[in-house]
Amino acid sequence: MLLGTGFEHQRQFRLGMTIVMTLLLVLTTADLAVYWAYVRHAFIVNGDSPESIVAALNGNPNWFVATNVFEAPNVLLADCISIWRTFVILGRNWKVIILPII
């Protein structure tokens with residue numbers, strides 16, 4: 001009975017980590033796509049002269065704010081995973097992870 005319960009808990013944990021890792025991959029890919037569009041806009045669309053490229057890179061388009069939408073949750077998830085792994089590796093000692101949580 002206990003072996004089945006432990007196995008089920010491990011399976012749920014792996015499923016959760018798979019979902020989180022997939023979410024990290026999706027957020028990172030979306031962020032890369034926005035940056036790719038930004039660079040494409042600067043060099044391909046406005047690549048007539050060096051001045052037009054610099055102007056395009058200095059003037060952030062409104063849709064470029066979308067990078068914050070992808071970066072903030074990505075950083076939060078990555079930090080949570082790092083804190084969790086540290087917590088588990090160091091023997092589930094709460095004293096170790098108090099400072100990173102703050």
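Among the residues of segment 27-57, the one identified as closer than 30 Å to A78 by Cβ, open to solvent by 80 Å² or more (accessible area, probe 1.4 Å) and among the aliphatic types (A, V, I, L, M) is L32. Checking each residue in segment 58-83 for being aliphatic (A, V, I, L, M), surrounded by 13 or more Cβ atoms within 10 Å (Cβ to Cβ) and farther than 15 Å from Y38 by Cα picks out V69, L77, A78, I81, I83.
Residues in segment 84-102 that are of a type outside the set (A, V, I, L, M) and closer than 19 Å to F13 by Cβ were compared, and the one that is least open to solvent (accessible area, probe 1.4 Å) is F87.
Quick grid of which residues meet (1) closer than 30 Å to P100 by Cα; (2) among the aliphatic types (A, V, I, L, M); (3) part of a helix (DSSP H, G or I):
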residue	(1), (2), (3)
T28	yes, no, yes
A33	no, yes, yes
Y38	no, no, yes
F43	no, no, yes
I53	no, yes, yes
A66	yes, yes, yes
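The values are calculated or read from the model by the stated rules, or taken from the named source; none is laboratory data. Being a predicted model, the structure only gives us computed values, none of them experimental. We place every Cβ from the backbone using ideal geometry, glycine too, and count neighbours over all the protein chains shown. SASA here: full protein model, heavy atoms, side chains in, ligands and nucleic acids out. Shrake-Rupley method; radii C 1.70, N 1.55, O 1.52, S 1.80 Å.
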